[in-house]
1. On the given criteria, is Leu4 more than 20 Å from the chain's Cα centre (by Cα), surrounded by 18 or more Cβ atoms within 10 Å (Cβ to Cβ) and of a type outside the set (Lys, Arg)?
2. Filter the stretch 92-107 for residues that are out of contact with any strand residue (DSSP E or B) (no Cβ under 7 Å at 6 or more places or on another chain) and without any contact (Cβ under 8 Å) to a residue 60 or more places away in the chain and give the result.
3. If you scan the stretch 98-136, which residues turn out to be assigned to a helix (DSSP H, G or I) and in contact with an Asp or Glu (Cβ under 8 Å, 6 or more places away or on another chain)?
4. Pairs please, first residue from the stretch 22-41 and in a helix (DSSP H, G or I), second anywhere and among the small types (Gly, Ala, Ser), Cβ atoms under 6 Å, 6+ apart in sequence or on different chains.
5. Within the stretch 75-87, identify whether any single residue is touching a helix residue (DSSP H, G or I) at 6+ places or on another chain (Cβ under 9 Å), among the basic types (Lys, Arg) and in a helix (DSSP H, G or I), and answer yes or no.
6. Just one of the numbered conditions (1) of a type in the set (Gly, Ala, Ser); (2) touching a Gly at 6+ places or on another chain (Cβ under 9 Å); (3) modelled with pLDDT of 95 or more; (4) surrounded by fewer than 16 Cβ atoms within 10 Å (Cβ to Cβ) is not true of Gly77; which one?
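The values are calculated or read from the model by the stated rules, or taken from the named source; none is laboratory data. Predicted model, so just to flag it, every value in this text is computed and none were measured. As a convention, Cβ positions derive from the backbone with ideal geometry for all residues, glycine included, and neighbour counts pool all protein chains shown.
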Amino acid sequence: MGDLSAHFSRGELQCRCCGRLQIDSRLLDGLEKLRAQAGTPVVIHAGYRCPEHNAAVGGVPHSEHTLGLAADIALPGLSLQRMYELALEVPQFAQGGIGVYDGGFLHVDVREHRARWARVSGQYVGVAALVREPELVATADAEHAQESKSAQDSQCGSKNSEDSFLL
């Protein structure tokens, strides 16, 4: 039970160095939707950061964390790919920012424009370095299924309803 929303508390989202908290209600709403979709608790690694703490941890200047618009999160038991897919299903995050980190967590935020990135070995790169876009995953899966079916049909011959009899 949280004191900010149904599942999130001040202690999870406040600045780790000074205890200050600034949080946008859209972020809380998005986190609640993500938790409901995932069916698992959302672990908050970082929420609001005061400018001093943000600088100390190497955050980018003017980070959404310093505005109360962002959280770094993980969904225990889920792959980075699955976490990314679920975050894309939350309108607040789909329309805002989603960053994928090689440390096994996501940055989600409710900025006013869409942004996607990955961070690998300390370098910012395209999101494709760590995950695939869901439409690409679906296309690849469909192509793989079609290739498997074609291979199976050529090995076993194709059966149709005229070849089957009910006794």
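1. yes
2. Ala94, Gln95, Gly103
3. If the condition is that a residue be assigned to a helix (DSSP H, G or I) and in contact with an Asp or Glu (Cβ under 8 Å, 6 or more places away or on another chain), then Val127, Pro134 are the ones that fit.
4. Correct list of pairs: Leu28/Ser5; Glu32/Ser5.
5. yes
6. Single failed check for Gly77: (2).
Rundown of residues vs (1) surrounded by 14 or more Cβ atoms within 10 Å (Cβ to Cβ); (2) modelled with pLDDT of 95 or more; (3) under 25 Å from Ser25 (Cα atoms), yes/no style:
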| residue | (1), (2), (3) |
| --- | --- |
| Pro51 | yes, yes, yes |
| Val60 | no, no, yes |
| Thr66 | yes, yes, yes |
| Ile73 | yes, yes, yes |
| Pro91 | no, yes, yes |
| His113 | no, yes, yes |
| Thr139 | no, no, no |
| Gln146 | no, no, no |
| Lys149 | no, no, no |
